[in-house]
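Undergrad: I'd like to ask you about the structure that follows.
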Amino acid sequence: MSFSLPERVTLKGPNFIREVFERGVGVPGFISFGIGNPAPEAIPVKVIEDAFDFIVHENPMGLLQYGPMQGDARLSELTLERLSKVHHMNLEGQGLIISNGAGQLLGLVPITVCEPGDEVYMDDYTFTSAINSVRNMGAKAVGIKTDEFGMIPSELEKAAQSGKGKYIYLIPNFQNPTGITMPLERRKEIYAIASKYDLFIYEDDPYGEIRFAGEHVPSFKSFDTENRVLYAGSYSKTLSAGLRVGFLLGPEDVISTIQALKNNTAGQMPLVTQKVVAHVLDQIDYDAHLENVRKVYKSKCDAMMRVFKEKGSSKVHLTEPTGGMFAWMTMPDTVDCDEFFETCMNKNVGIIKCGAFASDGVENGHAFRLSYTVPTIPEIEKGMEILCALTKEYCGE
Ligand SMILES: Cc1ncc(COP(=O)(O)O)c(C=O)c1O
């Protein structure tokens, strides 16, 4: 038989990330700035190996049965403690979900809160899964114009006047794909608009702990006096992406509804990975570990910036991230970006065309995402030299 699938579940943008991966795999000397994986050197392999060993032998039956729906109790306790003490979030009236990475939440939140026809406001270029999961619900992933500080409040307000808005999706720290961090004043302006139009804010913060320059900016959740922020975090970028452990903090009633949906569709999280993360957090000085992670990312980002400043075309703009994994390269409008991309690929350098991240209503732009996390520093330098030479060839000195 042939299944008749609703159109909404088939809606998705172009998968340029996979294209770069597939075309680059096995090609000798290929340098990919395309892969958004965490830096391998930042993963504390031995600590995690030891944690697995301990967990598996300490109480095997504690791992081999169904676990609690709401997640491992010790992991929840440690996560909440950090959100309260380090990130100054008020936990009163809040609930926590332990999830299969922050990624699972990108699906669960729109499924729980959106009706077909609703609007969700997000940056014009943002994380692909956040866009597609909203589309798959039959809701609209409305792209809002951004500047060097992130989403522009007046543009958000224009869109919100439709009265169809449900929530605002934001990655306020080291945004994927642009690397931009939203300053506090901008966060406050966005919060005021959310309040005026009674929207909630989905603050997706998987990179927040990886600040390697500049000053910490308080999260939306830390000043959420009206209880309208859902805050998502993850251990993927700070410990290991393969463990698939993330979390969501938000108003108890909303969280318990999302939890019920998760129970029905995905059941419990594996116990073993949750207990490994909890054990690691119990065993190590997590802040000292994060300092090491930040050093790794800083040195790689610095290498990318250094070569670009020395050798890139002055007509091309590259964002200077203060944390996270991505930089955003904007070309003059006259450049044919498809051709530029093909030339890069032919020279064995992979970058991601901005169309991969375009939310609804966003016109074809002239930008690329560059990730500095996976290549080694010599590879970053070599790849950037090739890329910079091409920027001069296409755009002039
Ligand atoms: C903005 C954003 N949210 C969520 C995720 C998913 O992270 P996790 O590995 O925790 O599922 C990513 C991963 O790249 C991301 O960039």
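The values are calculated or read from the model by the stated rules, or taken from the named source; none is laboratory data. Because the structure is predicted, anything quoted here is derived from the model rather than measured. Methodologically, a virtual Cβ is constructed for each residue, glycine included, from the backbone with ideal geometry; neighbour enumeration extends over all protein chains shown. Just the protein is used for accessible areas: all its heavy atoms, side chains included, with ligands, DNA and RNA removed. Shrake-Rupley method; radii C 1.70, N 1.55, O 1.52, S 1.80 Å.
Undergrad: Carbon and sulfur together cover what percent of the accessible area of region 250-377 at a 1.4 Å probe radius?
TA: The nonpolar share, carbon plus sulfur, comes to 48 percent.
Undergrad: While we're looking at this one, here's another question. Under unit Cβ charges (Lys, Arg +1; Asp, Glu -1), what dipole magnitude, rounded to 20 debye, does region 111-250 have relative to its Cα centre?
TA: Approximately 260 debye in magnitude.
Undergrad: Given a 1.4 angstrom probe, what's the average accessible area per residue across the chain, in square angstrom?
TA: 44 Å²
Undergrad: Moving on. Under a crude label model (7 Å from the Cα following the beta-carbon direction), how far is Lys145 from His57 in nanometres?
TA: Reported label-point gap for Lys145 and His57 is 6.2 nm.
Undergrad: Does the chain come out rounded, prolate or oblate, given a ≥ b ≥ c as the square roots of the eigenvalues of its C-alpha gyration tensor, rounded meaning a/c under 1.5 and, failing that, prolate meaning a/b above b/c?
TA: Oblate is the answer for the chain, as a/c is 1.5 or above yet b/c matches or exceeds a/b.
Undergrad: Can you give me the % of accessible surface on region 18-58 that is carbon or sulfur? Probe 1.4 Å, all protein chains present, nothing else counted.
TA: In region 18-58, the share of accessible area belonging to carbon and sulfur is 60 percent.
Undergrad: Which is farthest toward the positive dipole end of region 60-283 among Val86, Val254, Met61, measuring Cα position about the Cα centre, with Cβ charges +1 (Lys, Arg) and -1 (Asp, Glu)?
TA: Ranked along the dipole, the leading option is Met61.
Undergrad: OK, next. For region 370-397 and region 1-49, write down the distance between their C-alpha centroids in whole Å.
TA: First find each Cα centre; the distance between them is then 21 Å.
Undergrad: Run the helix sum for the chain: -39,500 (n - 2.57) per DSSP H stretch of 4+ residues, divided by residue count, reported at 222 nm to the nearest 500 deg cm²/dmol.
TA: Result for the chain: -13000 deg cm²/dmol, rounded to the nearest 500.
Undergrad: Follow-up. Counting only DSSP beta bridges with both residues in the chain, what percent are antiparallel, rounded to the nearest 5?
TA: 55 percent
Undergrad: With every protein chain kept in the model, how would you rank Met305, Met69 by accessible area, 1.4 Å probe, largest at the top?
TA: Largest accessible area first, the list is Met69, Met305.
Undergrad: What's log10 of I(q)/I(0) for region 268-356 at q = 0.23, 0.24, 0.25 Å⁻¹, Debye sum over Cα points only, no solvent?
TA: -1.22, -1.29, -1.35
Undergrad: Can you pull the percent of region 123-191's accessible area that's carbon plus sulfur, 1.4 Å probe, other chains left in place?
TA: The C+S portion of the solvent-accessible surface of region 123-191 is 53 percent.
Undergrad: Further, regarding this structure: Could you tell me the relative contact order of region 60-283? Use alpha-carbon pairs under 8 Å, at least six residues apart, and round to a whole percent.
TA: With pairs under 8 Å counted, the relative contact order is 29 percent.
Undergrad: Next question. Would you please give the FRET efficiency between Ser222 and Glu342, computed as 1/(1 + (r/R0)^6) with r the Cβ-Cβ distance and R0 = 41 Å, to the nearest 0.05?
TA: Efficiency computed from Cβ-Cβ geometry: 0.35.
Undergrad: A further question on this structure: For region 60-283, just say rounded, prolate or oblate: build the C-alpha gyration tensor, square-root its eigenvalues into a ≥ b ≥ c, call rounded for a/c under 1.5, and beyond that prolate if a/b exceeds b/c, oblate if not.
TA: Prolate, because a/c is 1.5 or more and a/b exceeds b/c.
Undergrad: A further question follows. Determine, from the Cβ-Cβ distance of Thr376 and Lys295 and an R0 of 22 Å, the FRET efficiency 1/(1 + (r/R0)^6), rounded to the nearest 0.05.
TA: Rounded to the nearest 0.05, the efficiency is 0.90.
Undergrad: If packing is taken as the mean number of other Cβ atoms within 10 Å per residue, what is the order of 46-58, 204-216, highest first?
TA: In decreasing order of mean packing, 46-58, 204-216 become 204-216, 46-58.
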